[in-house]
Structure formats: structure tokens, C-alpha cells
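Reading through the C-alpha cells given below for one structure.
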Amino acid sequence: MNTLSALNRREFVQTAATAALAGFGSARAAAAPRSKAPAGTGRHPAWVDVNVTLGRWPFRRLPFDETPALVGKLRQQGVTAAWAGTFDGVFHHDLAAANARLAEDCRRQGRGWLRPFGSVNPKLPGWKRDLQQCAEAHQMAGIRLHPTYHGYALDDAAFAQLLVLAGRHRLIVQIVADLEDERTQHPLARVPHANLQPLVPLLRAGTGARVVVLNWARSASLPLAKQLAEAGACLDIATVENVGGVDNLVRQLSVDRVVFGSHAPLFYFESAALKLQESALTAETSWAIRAGNAMRLLSPV
Amino acid sequence: MTIWDAHIHLSGVPGDAPEARLERLLEYADRLGIERVCVFMGMKWSYAPSPDDLRQQNDEVWRAIRHFPERAFGFVYLNPNHLAASLAELDRCVRDGPMVGVKLWVARRCHEPVLDPLVRRAAELKAVVLQHTYLKATGNLPGESTPTDLAQLAARHPDASFIAAHTGADWELGIRALRDTPNVSVELCGFDPTAGVTEMAVREVGAARVLYGSDAGGRSFASQLAKVLGAQISAADKQLILRDNLKRLLTPILQTKGIRI
């Protein structure tokens, strides 16, 4: 169990990008407005990245695609915990084995620093057993779904069934809307972005699942994102673009629906980190995005 | 480190006037320590702008940069399908005006000979030519250039300086296509912050031919800056990419115009 809940939000220090820009900032950067740094006590501020993936991306080697290296990178940037899926869970059929390896890989990093989010595909025979193993055998906090890579739409009855079952097991459900821009995908692996609209009525119907949508910005307009948030989903910032994109998102959605996700190592971690600085969020908003909202998901009332 | 952004637009931010939009964009740039920006294309875009449209868009950029002479460089937007009008715009905005580069987008694939007079004139004026390049798995627009197209154009004009905007976006292919064309710099903007792009660019073409750009405001300054700040390359190479290379490309025309930097 992490210790994030013990942290006082007033002790949250510095925006994400301060670390990324350390040593590079000009006088202009130093003078630029940024999240106010509350008087710190020197304690390490909480920072939870809900969107990292372990293993090998099939189409190129990535910097930090070895788990110890990725953890080292995240720690160096100030991250204090991360929720990890696995690329094997995207591309393999034997998800039970992929999830077991993921759990073991995370365990090796020690003391819950990496939280494994196993993959479940509700179109595979025996998927309920995968889900049950994630919850019971591996004691995972949640699962990660890749509907477009696994070939189903969110209006599929099996998906609705999965949400209900995940709710019963008190699992967080991460839904990955895409992994990369469809314009730059490998020609042999063309995968569309997810249609997230069917998720809205399912959430409104109350499945009991806590849902986090990752990499959603190419799949959903801001109005749809707002509907998803109002229906109870949280959304990450990995693919949010436009200048000041996080600030715009917070204005559209309730701040308690936005979580920090980097999509590392497929994306440079610094992308999500610098977005916080670009948006010049208040310390409290920044803390909510970086840690508070993820902590709330882990400890539902 | 000092940062110059090779690629922004008057988009993604509110504002009825071009200078209001640029002011807003510079506020965001300030937060990330970006000192100067290159801006091109107006407040309303079109794939194949008419001569009147070109003039209006260039006027908007001109108006915007006039308010921020210490922060913003302008590039003139041209359409090779309107050659005479584009040559006139080049003279109006670069020879006789404050702009220092050329922007070519998706009106015509750039390997075609119709571009040659524009490039010759740009080279005479020492203006760098920034050409959009993309390789879309979903299919390019009819007039959309690929990195290979730009390599062909650049090979015909060894005395001209080119920037491959987006490096094809499918950058593993784009970098390869441009590797052996020394008068083309590869620019990192306008596609996802996919890890490894900058490392490959530095490895294949050398850090002196890699440029930071953002494509703001449609893109975030942050996501694109991360491609450099997050890359596993030396601090010296980062400085080249973040400012020094662009400064070197612009120095001849800035000196000609008497612009001190």
C-alpha cells in the first residue's frame, strides 16, 4: 500500500515540469508563472502516473522499455507510484501468463511502487477467470482494457458484463482508447481509435466499476469527455494537446476527474509533465491531477 | 538553455486579432522558457489558398509579429499553384517586408518542378524554406508532400536551406528519406511525443540538422518540447536542437535585414 494518502496537499511542491526543465530553464522560464509552490517541508511530494506500460513495443525499441530503467526514469522525475499495464496484454492471447509476468515484474520493484493492471479481453474464452485472477490471485487494484486492439466495441454486451463483474471485485477499469495516432501506425497493425460514446450510458446505469479512460483525446471531443466525466469516469492527460490543454480540460470537466498519465515509455514522460507547467495550474489543482484523484480511486468511499 | 520554436500558428487560442492570439501563445511559451517563435499562416487556413487568401493570411502574420519584434519571426505562406502571386508575396513579405522564411503546406507536392522558381527566389533572399511533410497510414492529401518529395526538391537546390516540418510524422521513415540530403533539417513538431524520435534523428543526421518546433497552438508546446528535453542525448546536442540550429539557419537573412539577435 502506498503512503500517498498521508501526504498533506499543502505540501505539494513544484509543478511537474520543473524537474523536466531542471538545468535547462532560461531566465524567462524562471520568471514565468507556474503553479505556486506551497511552503514545503522537504518531504517528497506524491505523484502518481496512472498510464505506464511494461515490456516491449513490437514495432521499435523504446528508451526505458526495461522495467528497472523505466522505474529509474520515473523516480528521477519525481514520480512516487505508477499504474502499469503490459504490451504483452495488448498483443498476446495468453493473458493469464502475461498478467502473471506483469504482477511479478511489479512485485520486483518493491513495496507497491508499480501497481499492476492486468489485461482482460471479454471476447476471449474464459475471460472471467483472467479477471478473477487479477483480483484474487494477483491482488491487483485494477485491470486495463484495449477494446480496439482486442476487437470489440463498447456497446458489446460482453463489455457491459465485464464492467459489472469488475465492480463486484472492486477493480478499477482502465480503458485505453488508443495507443498511437492512427496516421502513423505500422501498416500491418492498423487499429482504429475507440468510440467512447457507448460508455456514457453504461456509466450512468451504474455498473459499480471505477473507470479511467486513457489516451482518449483522439477518440473523444471535449463535450464527450465532459459527458464521460459527469457519468463518473476519470480521464488522463497523455494525449491532451493544444496549448494549455490541461487547463482547458480542467475548466470543462470537474478537476476531480483528471488524472496524470504519461503513456511512458511509448511517449516521452516529459510530455505529460511539461503540460502541467504549460497550464500553470494552481497548487491544489496540480496536486489533484498528480496524485489526489488517483489516490481517491484507490480508496473509494 | 535557450529555446527558439521553429513552428507555430495563430491557432488554438482565442482572439479576434492576430496580435491578440500571438500574445496569448507567447504567454504559454513563457511558461516553458521559449524565447522566440517562428509563426506562419493566418487565422483561417485553407489547403489551397487563393492569391487573395494568401495575402490576407500573410498580412495577419505580419500584423502579429509587428507587435512582438523581439519574440516572433514571420514566414510567408505560399501556394505553388499560384506561382506569380506567390513570387509577388515572397518579394512583398520577405524582400520588402519583415519575414525571414517560406512556409509551404499541402497545396502541391513539393517534388514537382513548379516549385523551382519559388525555391530559387527564396535562396536568393537567403530565406529558409519550411515544407510540411507527412506519411499517413490513412492516406496523404493529394497535394501533401512526403519526406522523399522534399529530398528530391532539396537535391535540385543545394544552395537553399530547407526544414522538413514534421519529418514525415512517421519519423523512422522520414529520417531515413532525408538522411542523405544535407541541406534539409529535420523538425520534430506536429506528431505525438513518441519516444526515440530525437535519439534516432541525432544518430542518423547529426544534431546539427535537428530542429525543435511545436506546431502550437494545435499542439502543445509542452508535448513537443518533451521530445528534446526527454531525449537521451547530450546537453550540447539539446542546445543545438532547441535554438542554435535555427539561429544558424536564420542568421544570413537576419544579417541581411540588419536584424540583431
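Any read-out appearing in this document is the output of simple, stated calculations on the displayed coordinates, not a laboratory observation. Here the structure is a predicted model, which is why all the values come from computation and not from measurement. Neighbour counts run over all protein chains shown; Cβ positions are idealised from the backbone, glycine included.
Annotations for the structure displayed:
- Panel order for B:241, B:175, A:175, by other beta carbons found within 10 Å of each beta carbon, from fewest to most: B:175, A:175, B:241.
- Euclidean distance of C-alpha centroids, region A:109-188 and region A:193-270, integer Å: 16 Å
- Maximal additional length on extending the residue B:83-residue B:48 stretch stands at 11.4 nm, based on 0.36 nm per residue less the C-alpha distance.
- Proximity of backbone amide H atoms, modeled 1.01 Å from N, is registered between residue B:10 and B:40 at under 5 Å, excluding neighbours fewer than 5 places apart on the same chain.
- Under Karplus coefficients 6.51, -1.76 and 1.60, residue-wise ³J(HN,Hα) of region A:222-239 in Hz, glycine/proline x: 4, x, 5, 4, 5, 4, 4, 5, 5, 7, x, 7, 9, 10, 8, 10, 4, 10
- For region A:177-301, the square roots a ≥ b ≥ c of the C-alpha gyration tensor eigenvalues yield an a/c of 1.5 or more together with a/b not exceeding b/c, which makes the shape oblate.
- Placing R0 at 30 angstrom, the Cβ-Cβ distance between residue B:260 and residue B:59 gives a FRET efficiency of 0.75 after rounding to 0.05.
- In order along region A:203-213, phi translates into HN-Hα couplings of 5, 5, 6, x, 8, x, 8, 8, 10, 10, 9 Hz, rounded to whole numbers, per the Karplus curve 6.51 cos²θ - 1.76 cosθ + 1.60 with θ = phi - 60° and x for Gly and Pro.
- Based on Cα contacts under 8 Å between residues 6+ apart, chain B shows a relative contact order of 18 percent.
- Neighbour counts of other Cβ atoms within 10 Å put A:73, A:275, B:44, B:238 in the fewest-to-most order B:44, A:73, B:238, A:275.
- Among the residues of A:75-86, the average count of other protein chain beta-carbon atoms within 10 Å of the residue beta-carbon is 0.
- With a 10 Å cut-off around each Cβ of A:255-268, the average count of Cβ atoms from other chains is 3.
- Over all orientations, region B:3-257 has a Cα convex hull whose mean projected area works out to 11.7 square nanometres.
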